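Colleague: My structure is below; once you've seen it, I'll send some questions.
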Amino acid sequence: MMKFRFRKQGNDPQREKIKQDLFAFNKTVEHGFPNQPSALAYDPKLRLMAIGTKSGAVKIYGAPGVEFTGLHKETATVTQMHFLPGQGRLLSLLDDNSLHLWEISLRDGSSHLEEIRSFTLPGRASFESANAPTSVTRVTVILLWTSCDVACVGTEGGGVHFLELPSLTLADSKPLFQDEIMQSVPEEYKCGKTLGPVESLQEHPQCPSKVLIGYSRGLVVLWDQSTRQVDNLFLGNQQLESLGWERSGKTFVSSHSDGGYMVWAVNSSNPRAQQPVTSTIPYGPFPCKAINKIQWRTSESGSPLVLFSGGMPRASYGDRHCVTVLQDKTQVTLDFTSRVIDFFTIYCTESEKEYDDPTALVVLLEEELVVIDLQTTGWPTIPCPYLAPLHSSAITCSYHISNVPTKLWERIVGAGQQQNPLQTHVKWPINGGKSLSPEPSQKGLLLTGHEDGTVRFWDASGVSLKPLYKLSTANIFQTDCDHNDSPTQQGEDEWPPFRKANGTHKVQSESCSVGDAEGVFEEIQAALSSPALDSPNSSADITLDTTADITVEDVKDFLV
C-alpha cells in the first residue's frame, strides 16, 4: 500500500498521452518582424520579396496574406538571396559557403516553399590539396543572368565560377581566374599586388554575354563570356564596394570605401580607362564611411536618381544609419533608427522601355521594413500592410479581444486614419500571389502595452498583424523631456539634409522614459471587456478626438 502512496515521481506515459490529446498546440501563423534579418531579394515579375535571417530562416512575402516560410537544415546565417525571376525559385547563400535552391511548389491545392537542391563550391584543382583553402573558394557575390540558366559566382580568391540552373551544378564553361585577367592589365598597374576578392558582378543591360567584374583593389573589367576576352579595363585605385549599370549600358557607377562614387564611360575606342567621367564624395571633404551599395535609375521625367547606403562623415555622423537619394540638385538623407541591411528599387524591367522610372525604394533595416514612394513629391513613406515590429518598444502586457462589434471597430480604424493620415495614395507595390485564406468572419483586436507608455491597437483578424491606433500616455507622467519637441529635430539649413524615414519602430531616449503603460492598459482592458460592449448600440456614440491630447479618462469614456 505504501508503494502507491510514495510512488516515485517521473513522467507517466499514460499522462503524457492524455496531455498530447488534450493540448495539441500547433504553430499556425507568425506575427511581427523577422528576428535578425540578414539578406533581401526581390522578384520583379512575380512581385515577391524574400528576407533571410541569421538563424537560417527564409521568408517570402507578396500581397497581404501571402507568406511562405522555409528553414535551412544548417543553422547558419543567410548572407545573400537571389530570385530566378518569374520561376518561383530562390537561390540562397549561407555563411558556411553552401548554396541552396528553393522552390514554391503546389501541393494539396496550396503553395509551399521547399528546398530542392544544395551545392558547395569545390576547391581549385591547381592546389596540392583536394580542396583549396577556405578563403580562396569562399563565395563573395552571386549574379544570376537574365536568362536564369546560369549563375556567376565570385570568390574571395578572385575567381569567377559558372553554375547551371536549376540543376545547381558546375557549368562546362571554364572558370575565370585572376591570372587570365592579369594578362590584359598594364604592367604599371600590377605592382606585384593581387586584385583582391570579387566584390561585384553586374550583367550588361544590353549585351547578356558581357559581365562587369569589380575587384576589391579597384580594378573593374568588362568581360565577354562568349569570346572569353576582356573588352574594357577601368583602372581604379580606390577600394571598391559595389557597381551599378546605367540602363543603356553606356555608363556605370562604382562606390568606394572612402565614401565616394565614380561614373565611368564604356567606350570601345578606349579599352583602358584610367580616369572616371566624374568622381564625387557627397559628404566630404572630411573622411567618410564606405558606400556599401549604389544604384543608378533613369527617369523619363527628369534627371536620373542615384541611391546609396552609407557614406556618412565618420567623425560627426558615423553612427547614423542612412540611405541617400540624389536627383539633380535634390538630396535627401533618409535617417533610420536601426542598421541598414539592404535595399532595392522597384522599377520598369521591360527591355523595350528606354527608362527605369523607379516607383518605390524598399529598405530592409535591422528592426523594420520601410518603403519610400519615389513617384510623389517629397518621397513620402508608404504604410506597410504587414511586417510591423511589435517590439518597437518593449512589450510589458498584452490582451486579445475577439468578436469586436462592427461599429466599435470602425471607430478605432477611423481614429487611426486621423492619427496617421496617408501621405501617398500609391498602393502597396509588393503584391504578388493571392491569399487563399477566407475573409475573417469576426474582427480580432490585440492590445499591447509598451515600456514607453504607449498602448497600441492591432488588427489580429487575419494572417497579417496590422497597426490600427496608438494611444500615448506620456502626457500623464511627469518627465524631463518635452514630448512636443523631438530631441533629434533638424533645422531647415542643416547638413546633411536628414529626414526621419521610419515606419513604427522608434528609439526611445532614456531622458524621455515614462515607465510602462501597465496601469493604463489594465483600465482600457477592463473597459473593452465590459458587458456593455455586447449591446448592439454600445458603440454608436464612440468618437476619438485625435486633434488633441487624449487622456486615459477620455479613452474610458470612449469605450464604456
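Colleague: For residue 359, what residues show an amide H to amide H distance below 5 Å, using hydrogens built from the backbone and excluding near sequence neighbours?
Modeller: Amide H neighbours of residue 359: 346, 347.
Colleague: Heavy atoms of the protein only, probe of 1.4 Å, neighbouring chains included. What is the accessible area of residue 461 in Å², nearest 10?
Modeller: Near enough 30 Å² of accessible area.
Colleague: To continue, here is another question. Enter the Cα centre distance for the pair the range 413-475 and the range 242-281, rounded to the nearest angstrom.
Modeller: Cα centroid to Cα centroid, the span is 44 Å.
Colleague: Something else: Over 23 Å between Cα atoms, which of 210/293; 73/293; 210/353; 45/427; 293/470 qualify?
Modeller: Details: 210/293 21 Å; 73/293 30 Å; 210/353 20 Å; 45/427 17 Å; 293/470 35 Å.
Among 210/293; 73/293; 210/353; 45/427; 293/470, the Cα-Cα distance tops 23 Å for 73/293; 293/470.
Colleague: Give the Rg (one decimal place) followed by the Dmax (whole number) of the range 142-281, computed from C-alpha coordinates and expressed in Å.
Modeller: Just the Cα atoms of the range 142-281 yield Rg and Dmax of 14.4, 43 Å.
Colleague: In addition: Give me the percent of accessible area attributable to carbon and sulfur for the range 397-464, probe 1.4 angstrom.
Modeller: In the range 397-464, the share of accessible area belonging to carbon and sulfur is 47 percent.
Colleague: Mind running the shape call on the range 373-425? Use the C-alpha gyration tensor, a ≥ b ≥ c as the square roots of the eigenvalues: rounded below 1.5 for a/c, prolate if a/b tops b/c, oblate otherwise. It would help to have the intermediate numbers written out before the result.
Modeller: Values: a/c = 2.93, a/b = 1.49, b/c = 1.96.
Here the range 373-425 falls in the oblate category.
Colleague: When ligands, DNA and RNA are left out and all protein chains stay put, how many square angstrom of accessible area per residue does the range 127-251 have with a 1.4 Å probe?
Modeller: Values: 5220 Å² over 125 residues.
The answer is 42 Å² per residue.
Colleague: Cα centroid distance between the range 167-236 and the range 105-121, in Å?
Modeller: 33
Colleague: Shifting gears a bit: So what does the Cα-only Debye profile of the range 345-384 read at q = 0.14, 0.30, 0.35 Å⁻¹, as log10 I(q)/I(0), no solvent term?
Modeller: Values, matching the q order: -0.37, -0.98, -1.13.
Colleague: Something else: Relative contact order, percent, of the range 157-262 when contacts are C-alpha pairs under 8 Å separated by at least 6 residues?
Modeller: 18
Colleague: Now, a different point. With N set to the residue count of the range 157-201, report its C-alpha Rg divided by 2.2 N^0.38 Å to two decimal places.
Modeller: Numbers: Rg = 13.3 Å, N = 45, 2.2 N^0.38 = 9.3 Å.
Scaled against compact globular proteins, the figure is 1.43.
Colleague: So for 255, 441, what's the accessible-area order with a 1.4 Å probe, most first?
Modeller: On the way: 255 0, 441 125 Å².
From most exposed to least exposed: 441, 255.
Colleague: Specify whether the C-alpha gyration tensor of the range 157-238 places it in the rounded, prolate or oblate class, a ≥ b ≥ c being the square roots of the eigenvalues: rounded for a/c under 1.5, otherwise prolate if a/b is larger than b/c and oblate if not. Show your work: numbers first, answer last.
Modeller: Details: a/c = 1.94, a/b = 1.64, b/c = 1.18.
Note, shape of the range 157-238 comes out prolate.
Colleague: Which of 392, 377, 291 sits farthest toward the positive end of the charge dipole of the range 289-393, with +1 on the Cβ of Lys and Arg and -1 on the Cβ of Asp and Glu?
Modeller: Ranked along the dipole, the leading option is 291.
Colleague: Trypsin sites (Lys or Arg not before Pro), restricted to the range 233-320: which are DSSP loop and have at most 14 other Cβ atoms within 10 Å?
Modeller: Within the range 233-320, the qualifying trypsin sites (Lys or Arg not before Pro) (loop, at most 14 other Cβ atoms within 10 Å) are 250.
Colleague: In addition: Rounded to the nearest 20 Debye, what is the dipole magnitude of the range 236-295 about its Cα centre when Lys and Arg each give +1 and Asp and Glu each give -1 at the C-beta? Walk me through the numbers on the way to the answer.
Modeller: Working: 5 positive and 3 negative charges, 26 e Å.
Here the range 236-295 has a charge dipole of around 120 debye.
The values are calculated or read from the model by the stated rules, or taken from the named source; none is laboratory data. What you see is a predicted model, and the numbers here were worked out from it, not measured in a lab. Methodologically, a virtual Cβ is constructed for each residue, glycine included, from the backbone with ideal geometry; neighbour enumeration extends over all protein chains shown. For accessibility, only protein heavy atoms count, side chains too; no ligands or nucleic acids. Shrake-Rupley method; radii C 1.70, N 1.55, O 1.52, S 1.80 Å.
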